[in-house]
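Structure record follows, encoded as structure tokens.
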């Protein structure tokens, strides 16, 4: 199997976009069980998942295939040398866990962390589903042996192997799956099929043939024709074999009233002095049927469980999910993230699970805490992978089986019942709960529709009566501009400003008087337009998307220099807008029929929703203003006054 291509396609498409826009971002993801469909879960498959992650590579044929799917060449070059280099924390496998608890925590480059999602979820979902169901069945059997008989019913070879492996870890005594026995050194067990009995003229002949072929492990299937007569035939064969020094190991009952049949068989065997002959029950068994059989005191020694255990038929999957909990860009520290979807809300931050025990060493409470918090109890998450390499040795299958047997003894008895007497106590620390609520409110504000203010050419040479190119009566709009600046500062609205700037020999001076000359007071923006923290974006340099994103995170205002009317003459304007991606752009400044006109035309052409703050712009010619206002209305530009905008800058979005 190509581990490089063993992922959902969207993981690759997202990774390609991350490669283009967030190549240096780091992230933390949590893998956890979202919904509590079981009272508890047996977390398994983690070690297999981590092995796959550490070995994940893209072979030449993988790259060739992705090239056919039109992925970019530079991204494919990245994948050629891909390997996971991050760190992974996880609970010990196997572990008793509960919904909402982080089972695996991944911190790595965002691309790496995203590409391993499928490997983690696939391995842990199947293994945990099977181990949990098997554990329930083993507990219901109350010390009676349980065997995995699921090979013929599981969904494919890998599922059959997983069923054998994880049911064994959860306490099953063996499996009918010979390949699993070979791979994992699990005890194998098998009897015979009805076809074997039917291939002989007489049932008793089939019993003799099988017992003589396997004298030390003969278990006879007695329900092919008449179950009670089949049991009587088994007794006759047992007597004959005993004369040859062969002891019958047992019988298997696969249909009918298993409890009554088992009582009949046990009475007959004991009467005949065959107290060591075991009775194995099979046939669509699960934890509920086994519990019922044992409640009826059916004398059954072992259970062969197939479909219901191998397919976990009542809950055929575990709702494991993998969600982003924090992200870091530009080495400025991790920023918490969370999902707010209804019924799918997630918890932010790196977390730890602390398990408390009572005086009898029985599990009492799990507390989900911030990774940096202190809390009494046993930490469940440990660092297993560092720098892409496993640092803790994986226990072998027998060690895992012993670990889980010990943990089951630590579980509250009420939890292990098929109809649990109570719900185990999983709580969230006060600090984590408080920070989560705070972040939720921040995100609600963050996801409000995003307006951007476009402040055009509000400079001394245009707005000051002594300015070189004064716009008549423009002092009327300065108070409104001041209010807009205050609104932006209070509401966290980003401001894109333009600044006309010329050299002394500018070609524009052939048509207009010299103005906004670099280094003079006239080219500076008036103080009423400047936020406390702003960044100049020069015309002679083109910034990368990554640089522009960093600027928008660190500043609330950018000032785009230009030496012509059009703000889009600055090579960074379009990319800045793409980085901000506003829902609506509010335009104000001077002069309406010149730089304002070019700005609005450029924004319309670029597909943005534009609103003109009509009492915060000033024209030179009223006739030209009316002409352009009429034209813009026809082209979808809306108009608003400052007072209305200030009442709710998000209302028209």
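The values are calculated or read from the model by the stated rules, or taken from the named source; none is laboratory data. Being a predicted model, the structure only gives us computed values, none of them experimental. Cβ coordinates were reconstructed from backbone atoms using ideal geometry, including for glycine residues, and neighbour counts include every protein chain displayed.
At-a-glance table
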item: Considering residues of the stretch 413-428 that are surrounded by 15 or more Cβ atoms within 10 Å (Cβ to Cβ) and at pLDDT 95 or above only, the residue farthest from residue 37 (Cα to Cα); result: 428
item: Residue list for the stretch 538-555, filter: closer than 25 Å to residue 18 by Cβ and surrounded by 14 or more Cβ atoms within 10 Å (Cβ to Cβ); result: 543, 545, 546, 547, 548, 549, 550, 551, 552, 555
item: Test: residue in the stretch 51-69 that is assigned to a strand (DSSP E or B), over 19 Å from the mean Cα position of the chain (by Cα) and over 17 Å from residue 389 (Cβ atoms); result: no
item: In the stretch 497-536, residue surrounded by the most Cβ atoms within 10 Å (Cβ to Cβ) [restricted to those that are in contact with a helix residue (DSSP H, G or I) (Cβ under 7 Å, 6 or more places away or on another chain) and over 17 Å from residue 564 (Cα atoms)]; result: 529
item: Residue ranges of strands (runs of 3 or more DSSP E) in the stretch 335-397 with at least 2 members within 30 Å of residue 441 (Cβ to Cβ) and in contact (Cβ under 8 Å) with a residue 40 or more places away in the chain; result: 351-357, 363-370
item: Hey, residue 150 in a loop (DSSP other than H, G, I, E, B), in contact (Cβ under 8 Å) with a residue 12 or more places away in the chain, assigned by TED's automatic domain parsing to the domain that holds residue 299 and buried (at least 24 other Cβ atoms within 10 Å of the Cβ) or not; result: yes
item: Test for residue 163: is it part of a helix (DSSP H, G or I), in the same structural domain as residue 283 (by TED's automatic domain parsing) and surrounded by 24 or more Cβ atoms within 10 Å (Cβ to Cβ); result: yes
item: Count - residues of the stretch 178-200 that are at pLDDT 95 or above and either outside the structural domain of residue 305 (by TED's automatic domain parsing) or part of a loop (DSSP other than H, G, I, E, B) (or both); result: 5
item: Within the stretch 201-306, strands (runs of 3 or more DSSP E) holding 3 or more residues that are crowded, with 20+ Cβ neighbours inside 10 Å, in the same structural domain as residue 166 (by TED's automatic domain parsing) and in contact (Cβ under 8 Å) with a residue 60 or more places away in the chain; result: 302-305
